[in-house]
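The values are calculated or read from the model by the stated rules, or taken from the named source; none is laboratory data. All values derive from a computational prediction rather than experimental measurement. When we count neighbours, we look across all protein chains shown, and the Cβ atoms used for this are built from the backbone with ideal geometry, even at glycine.
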Amino acid sequence: MNKKIPIPLAILIIVLVIAAIIGIAILACPKIPKSNSYVQTQNETADWQTYRNEEYGFEIKYPSNFIVDDIASETANYILLLEIGDAFSIGIEKEIYTLEQKIEDYRFSPMPIPKEELEEVVIGQANYKAKKWSYEGLAEDPEPGTEEVPIINFTEYFIEHEGNLYQIHYYIHPLLPEEIFNQVLSTFRFID
């Protein structure tokens with residue numbers, strides 16, 4: 001005896017099989033966040049403080065428990081040196097250099113900036129083009145009062161903007177997780 005499956009039942013079975021295949025494919029694929037990372041950062045940084053400097057043309061948000069200290073007057077070569085964090089783990093500098101000049105100046109220093117190691121990235125609210133460089137090794141100078149030269153570990157972001165070189169440093173430190181630094185970095189913006 002040859003039984004035929006009714007056409008509506010056959011269509012239903014085919015639709016269910018296709019839906020199951022699509023469902024499995026969706027579950028197996030990596031999740032891509034639906035919302036923009038800037039919007040997520042805005043929500044996560046809503047209670048943060050904002051450092052805004054009209055003279056140097058930028059602003060950045062930072063956690064409310066951080067200390068901001070503009071120490072440009074204490075340093076020789078910087079227009080602005082801004083330290084953020086209890087352990088001075090983030091620094092922002094604005095120099096009258098280009099990146100090429102900076103690389104040339106550091107060529108013979110204990111921490112030269114290898115041009116071939118600069119990684120092109122985008123940072124900040126407006127996705128500014130930047131160069132990223134990471135360093136782990138001996139510092140240039142010994143610890144004050146000792147002969148011991150410490151090992152340092154940091155990442156720098158170089159942004160050339162309107163003839164100036166902005167550097168944002170992240171000195172890796174247990175009190176400042178990289179996730180927090182990345183949130184701080186994502187809030188950076190020029191106020192042209």
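Of the residues GLU83, GLU116, GLU54, GLU93, which single one is at pLDDT below 80 and not β-branched (Val, Ile, Thr)?
On the way: GLU116 fails: at pLDDT below 80; GLU54 fails: at pLDDT below 80; GLU93 fails: at pLDDT below 80.
So the residue among GLU83, GLU116, GLU54, GLU93 that is at pLDDT below 80 and not β-branched (Val, Ile, Thr) is GLU83.
The residue of the stretch 57-80 that is modelled with the lowest pLDDT, among those that are charged (D, E, K, R) and surrounded by fewer than 16 Cβ atoms within 10 Å (Cβ to Cβ), is GLU74. Contact map, the stretch 42-61: first residue within 12 Å of GLN183 (Cβ to Cβ), second residue among the charged types (D, E, K, R), Cβ cut-off under 8 Å, separation 6 or more or different chains; pairs are THR45/LYS61; TRP48/LYS61; ILE60/ARG189. Of the strands (runs of 3 or more DSSP E) lying entirely inside the stretch 87-192, those carrying at least 3 residues that are in contact (Cβ under 8 Å) with a residue 12 or more places away in the chain and closer than 25 Å to PHE66 by Cα are 90-95, 128-138, 151-161, 164-171.
Check TYR166, TYR106, TYR171 and return the single one that is under 20 Å from the mean Cα position of the chain (by Cα), modelled with pLDDT under 90 and among the hydroxyl-bearing types (Ser, Thr, Tyr). Full working, then the answer.
Values: TYR166 fails: modelled with pLDDT under 90; TYR106 fails: under 20 Å from the mean Cα position of the chain (by Cα).
None of the others qualify; the one that does is TYR171.
Within the option set GLU178, GLU140, GLU160, GLU147, being surrounded by fewer than 13 Cβ atoms within 10 Å (Cβ to Cβ) and at pLDDT 85 or above holds for one residue only, GLU178.
Looking at the stretch 28-42, can you tell me whether even one residue there is of a type outside the set (Ser, Thr, Tyr), at pLDDT 80 or above, part of a helix (DSSP H, G or I) and over 22 Å from the mean Cα position of the chain (by Cα)?
no
Residues in the stretch 152-182 that are over 21 Å from LEU118 (Cα atoms) and in contact with a strand residue (DSSP E or B) (Cβ under 8 Å, 6 or more places away or on another chain): LEU176 only.
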